[in-house]
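Structure, as structure tokens:
Only the coordinates and a few stated rules stand behind these numbers; no lab work does. All of these numbers come straight from a predicted model, not from anything done at the bench. Here Cβ is always computed from backbone atoms with ideal geometry, including for glycine, and neighbour counts include all displayed protein chains.
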There are 2 protein chains.
Amino acid sequence: MGNHKALTSAVAAIASIATLGALAAPAFAVDAANGTYSPNGKSVAELAKHGAAQRIAAIGNKSAKNVVLFIGDGMGDSEITIARDYLKGANGHFDGLDAVGQPGALDDVQAGTGQYTTFSLGDGSKDSAVGKDAAGKLVANPNPGKLTPVTDSSASGSAWATGTKTYNNAVDVDIYGNPQLNLFELAKAAGKATGNVSTAEIQDATPAVLESHSTERACYGPQGKTDGTSNNASKQCLANQLKENGGIGSISEQLLDTRADVTIGGGSKYFRQTVQGGEYKGKTVWEQAKDMGFQTVENDPAAMNALQYKDGQPVLALMSDGNMPTKFNPSKATAKDPAKDANPTVCTPNDAWLGNRGASLKDMTKKALDLLNANPNGQKNGFLLQVEGASIDKQDHAANACGQIGETDDFDQAIAYAIKNVDLTNTLVIVTADHAHTSQVLNAQPAYALSTVLKSADGNNMVVSYGTAQAASTDAEGGYNGGDMEHTGTQLRIAASGPGAQRVIGLTDQTDNFYTIAGALGLATSPDEQNALSKDGTVKVARTQAGKYVANVDGFNGDALLSYELKDKNGAVVSKSDSSTPLSGVRVKPAQTTSIALDKMSEGAEYTLTVTGRQSGKVATVAIQAPAAGSADKKPGADKNGVIASGKVPNDSAVSGPLGATGTAVMAIAIAAVMLVAIAMLIKAARNARNN
Amino acid sequence: MGNHKALTSAVAAIASIATLGALAAPAFAVDAANGTYSPNGKSVAELAKHGAAQRIAAIGNKSAKNVVLFIGDGMGDSEITIARDYLKGANGHFDGLDAVGQPGALDDVQAGTGQYTTFSLGDGSKDSAVGKDAAGKLVANPNPGKLTPVTDSSASGSAWATGTKTYNNAVDVDIYGNPQLNLFELAKAAGKATGNVSTAEIQDATPAVLESHSTERACYGPQGKTDGTSNNASKQCLANQLKENGGIGSISEQLLDTRADVTIGGGSKYFRQTVQGGEYKGKTVWEQAKDMGFQTVENDPAAMNALQYKDGQPVLALMSDGNMPTKFNPSKATAKDPAKDANPTVCTPNDAWLGNRGASLKDMTKKALDLLNANPNGQKNGFLLQVEGASIDKQDHAANACGQIGETDDFDQAIAYAIKNVDLTNTLVIVTADHAHTSQVLNAQPAYALSTVLKSADGNNMVVSYGTAQAASTDAEGGYNGGDMEHTGTQLRIAASGPGAQRVIGLTDQTDNFYTIAGALGLATSPDEQNALSKDGTVKVARTQAGKYVANVDGFNGDALLSYELKDKNGAVVSKSDSSTPLSGVRVKPAQTTSIALDKMSEGAEYTLTVTGRQSGKVATVAIQAPAAGSADKKPGADKNGVIASGKVPNDSAVSGPLGATGTAVMAIAIAAVMLVAIAMLIKAARNARNN
């Protein structure tokens, strides 16, 4: 018995010390010494660093005022070819998809095409170095995992939106859960206008990577990815990320904090969920949006089309409860059957498609471009617009050939509209996908895979096959019945036209796309440049009414999160943010004022407030003398805005982040020390067992 | 009864008239009015024209002295990614494959990457507008077929080697069976040195398109694609193409006529077949090669490595009986099984691989480059070298992940050698594939497709899946057992470095690659330019011994075939070539003297010989006065070489081909007329039936 007990206590010691260590650290770091090494010499831990997977770091950018990024979700070369064969004929061409990147096709602008790699990190499709304990709280997983050959849309999106490789399921966090600044945050810091358009739920991975940071991609709303009738947020969100637990909130809530100038997509039902903590607690997310000054449209294409630019009132127009209906009715992939050859499928239009009511992807792209062009920031500083054709992927998953073809058509027409309506001498247009997918085009039906025989635009039969689902689910008719065909890891196409398009030529990695876009727009790309965006951080403490104080934080543009600590004159902590995990704390509103309510302050007392940028490590300290009780409401001090004290990041503030490489090494040594202690305890236990 | 008889005779009338019409035509033409139309407005018949499927005809070339074309057979983006993941890690890169096309990777040369389409014509995988009757003779198929979404290697190779889209199974003939001049014929006409290297049988489609014209890709040797122990040439070759039937001969025989400066590959067993007609009748093809002055090597890597350039003695080195052994031992794809995840496959080296004995693809590429660089033509005029990594495709067909990966490795190392050993300022290196293939990379085993779980260079599992075979053939162990996984129609990668590399950027078609290569080398590309290569055609008739005459033909460089007709002074035909089909007649030896034995000439008599270029339509006429009987042997006339008469293509010779567009229209009208007659007969038969 003795040795069992000793073993158990040793294991518990390791676990508790490891957890304590992780929770105590201001940023999350995990020992990565057991990461595997590729022949390139980079371990998982090395590849997990910002920018580490770039293939063309040495290739320069050309400046562009605007960037329009088109992401065909799951649109590998196979999906493009299938749609072209069916819609245009094998010799045909797409007016949008095939024009971008084509030398000579678009006036005299630079054009380029290439391939890029899309692998992710972590040991499996939903795995990561970040784990949750039974209570849904973030805990360290000492194994950072391996390389993952096939990415999902969230690791993929995180890669092109932040330049950092991460695990499948991550939204703009690295493999340790640390937020990575995304293109919208950086574009807003540079004064650019921003737009985000998708045919998917706007919380889906691709649009989400421009709106939020989340360790779990399913953390759609305050209650998770549900219709709001039940609360399973605890299953779908890191508990510490939820507002009610001191976190930065769900993807929908962060979307509002990010405050893109234009957001158009689906997923309105998640905005009907109820906010669970913070300033808007008890309201729906729609109500929060309206309170925050958004122009909102819920499931109304005509109202979307009628939207106009209004100063300070960004657009949030969601056209459908969930993902938007597809352009074509679904086809069903079935087992091999000669009868299919004699009666090839012809795709039919879907009456429910919102393009029939003015909300095709082209319509939404037109509205976004109109709004961005009407925006003074857009006019002056340019804009970054992302447009996703989302359901190419979703219908490919469903082995729905007609579905994926119709969505590719819709996507192509949005691109064709854009390239005719932007100035390609100052706008870089990129067309790519986030990962390859399952569908293949064949001359004859396969025996293994399911397939659909289509009658192409050329009048011939073409076979689209689907064979990658992990579980077979053939129905009574031999048809595909709700399983899930899988992404593939194939390198895929990237095409660009406009200034700097040369950067997509050759073999690049998905993370290079971050540098291509950020570099063209002149955004901060390196960690040092990004940290420097917080060098002018300021904190102004105002008394909003008797006994009520708020800290208004500006200029921490190099940070996604802040932490704060309020101490009294004796150095005792009065209140502070939760910073136990990377997503606990105060969400920075990019290029806006982030307000922190300072509770528990007494009239007339002295305090010291420190505000720390969680990514930049920049600290602003404010010495506060609270006005005496009975001072005039809201304006107790000298400042007409009620500001009673202020502070800023000192000029000589260190540039590096809170932990950095040194911190990681320290953590590694600490964990190694824990291991040594544990081994010693195990040896002792074994000796005790022998002696007993 | 009466109406049945009338119907039968009507059908017979159509058949006989159609056949007669076809046989009477100097080139083969089929009505294409029922070709389907793509939205691009091009029918099959239009797309079947030389150059009609180009996508970037307006994009110019830069001059290159040399071109090295690397074809990874079946090496789609998926096959590249799978090999990279396994061999180098997902973040790794290939020294050859990933360096070509990469800006900045290779000194300061131009680099480009893009995608191209590969569809073929005809109604199915082996279909064409060319048919064979029961006797194996060519007959017209009045339906030119439709577009074929997925190409085979021969239609693909014909496209990049000639610029003409054709049917699967065709080797450098169009959909009507008409030969199309290939890059080697055109390069030789321009004085370039030529080299052809493959790990496949040298008669396989990819090398074949630089050596031959054949309506059937399996027409490997005089006895077809056999080991020589049985003669099934009649099944595998158009009967009229065989030497014994007055045709231009098999692929092996035409390879010797083409006389590339360097040919290295497999397939030696077909050279052990016996020639069935013409000058070398009764000899093996190896013996013919030696008689024709080739340096030959049979299944001996050491001898291949010892070869040196010798003036007038081209190299023919075949390393193995069939396809060359693969670098890695085979893996077997099997049905889903969790045990595979726990014990991932690690590929093992194949002891039989000839790289162990000095005949890796790199070794063969090195030898080819050394020989071409030592060749005075190569030094002065440059060279065109094709190197094929053939068994990526063959192992993909066999669902053999290790096999295809090892072949990709071998291919990559050949490319890496080449780019370090050519002058990229004057050499255009192109790396591409001929079609995409079946293998896909997944994170988890699929339920439908067969798969192999590999342990990648990153130390993680990767799943390679295969699901496209038309017939399932799972063995007792659930393994793949000899079926045939299929090509896919996906657009695929083309990469280039060197002068003119920009031409691969964007979306191109496989036929654009012909123009990229031919344009860089300054070869004749348009039909008019190609026809003009025969404008200086000459014919010299020599008396080689008493009663024996030969016509030596030079300068018909715009032709693949010649026909001749010898008439006596009364205009009666004494002898002539068979020109009943496009491959019947005299094979032109490109940039060499083509000799035609003139039989049945009587001493002292007068004759008129006409020699016609079958592609160019150029005609040279020679008036012959045969020396009187008893003249001195071999030199009966004034010329010391025995030349007794000569003629040449007149200066004002028409440029257009024998039929051209007008001829096709005439044929169409003729066939339409036949149809009208047939319909009239059917109506009459029906009336008779009613009256009876």
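Phi angles across region A:353-366 convert, under the Karplus curve 6.51 cos²θ - 1.76 cosθ + 1.60 with θ = phi - 60°, into 3J(HN,Hα) values of 4, 6, x, 5, 10, x, 10, 5, 5, 4, 4, 5, 5, 4 Hz, Gly and Pro given as x. Taking the Cα centre of region B:66-525 as origin and assigning +1 to Lys and Arg Cβ atoms and -1 to Asp and Glu Cβ atoms, the resulting dipole is close to 480 debye.
Would you mind pulling out the separation of the Cα centroids of region B:68-92 and region B:146-202, in Å? Here the two parts' Cα centres lie 24 Å apart. Using only Cα coordinates, the Kirkwood hydrodynamic radius of region B:533-648 works out to 14.1 Å. Would you mind classifying region B:66-525 by shape? Square roots of the alpha carbon gyration tensor eigenvalues, ordered a ≥ b ≥ c; an a/c under 1.5 is rounded, otherwise it is prolate if a/b is larger than b/c and oblate if not. Here region B:66-525 falls in the rounded category. Only lysines eight or more places from residue B:332 in sequence, or on another chain, were considered; those with a Cα closer than 24 Å are A:336, B:88, B:340, B:394, B:455. Taking the Cα centre of region A:371-462 as reference, the dipole from Cβ charges on Lys and Arg (+1) and Asp and Glu (-1) amounts to some 120 debye. Residue by residue, region A:485-492 carries 3J(HN,Hα) couplings of 5, 9, 4, 10, x, 4, 4, 9 Hz when phi is fed to the Karplus relation 6.51 cos²θ - 1.76 cosθ + 1.60 (θ = phi - 60°); x denotes Gly or Pro.
Rg ratio for region A:167-218: its Cα radius of gyration over 2.2 N^0.38 Å, N being its residue count, equals 1.15. Per-residue shielding of A:99-109, expressed as the average number of other chain Cβ atoms within 10 Å of the residue Cβ, stands at 3. Taken as Cα centroids, region B:594-616 and region B:326-375 sit 52 Å apart, rounded to the nearest whole angstrom.
For residue B:388, the residues whose amide H sits under 5 Å from its own are B:71, B:197, B:198, B:199, ignoring neighbours fewer than 5 places away on the same chain, with H placed 1.01 Å from N. Only beta bridges with both residues in region B:66-525 are counted; by DSSP, about 45 percent of them are antiparallel.
Ellipsoid fit via the Cα gyration tensor, region A:380-452: semi-axes of 33, 11, 10 Å, each the root of five times an eigenvalue, largest first. Loop-located GluC sites (Glu not before Pro) in region A:230-329 (DSSP state not H, G, I, E or B) with no more than 14 neighbouring Cβ atoms inside 10 Å: A:279.
Rounded to whole numbers, the Karplus 3J(HN,Hα) couplings from phi for region B:507-514 are 9, 10, 10, 3, 5, 4, 5, 4 Hz, using 6.51 cos²θ - 1.76 cosθ + 1.60 with θ = phi - 60°, and x at Gly and Pro.
Put simply, the amide H of residue B:644, placed in the peptide plane, has neighbours under 5 Å in B:541, B:542, B:543, leaving out anything fewer than 5 places away on its chain.
Restricting the trypsin sites (Lys or Arg not before Pro) of region B:310-344 to loop positions (DSSP other than H, G, I, E, B) with no more than 15 neighbouring Cβ atoms within 10 Å leaves B:310. Taking a straight Cα-Cα cut-off under 23 Å and skipping sequence neighbours fewer than 8 places away in the same chain, the lysines within cross-link reach of residue B:281 are B:137, B:225, B:235, B:243, B:269, B:290, B:548, B:576, B:589, B:600.
The mean of 1/r over all pairs of different alpha-carbon atoms in region B:170-255, once inverted, gives a Kirkwood hydrodynamic radius of 13.1 Å. In terms of modelled amide H atoms, which long-range or inter-chain residues lie less than 5 Å from the amide H of residue B:132? Placed amide hydrogens put B:139 under 5 Å from residue B:132. Across the cross-link table entries A:49/A:188; B:327/B:362; B:310/B:540; B:62/B:366, which are compared at the Cα atoms, the separations over 18 Å belong to A:49/A:188; B:310/B:540; B:62/B:366. Charging the Cβ of each Asp and Glu at -1 and of each Lys and Arg at +1, and nothing else, the dipole of region B:533-648 about its Cα centre rounds to 180 debye.
Under the combined filter of DSSP loop state and at most 14 neighbouring Cβ atoms within 10 Å, region B:206-293 retains none of its chymotrypsin sites (Phe, Trp or Tyr not before Pro). Highest mean packing comes first when the peptides A:586-595, B:195-204 are listed by Cβ atoms within 10 Å, giving B:195-204, A:586-595.
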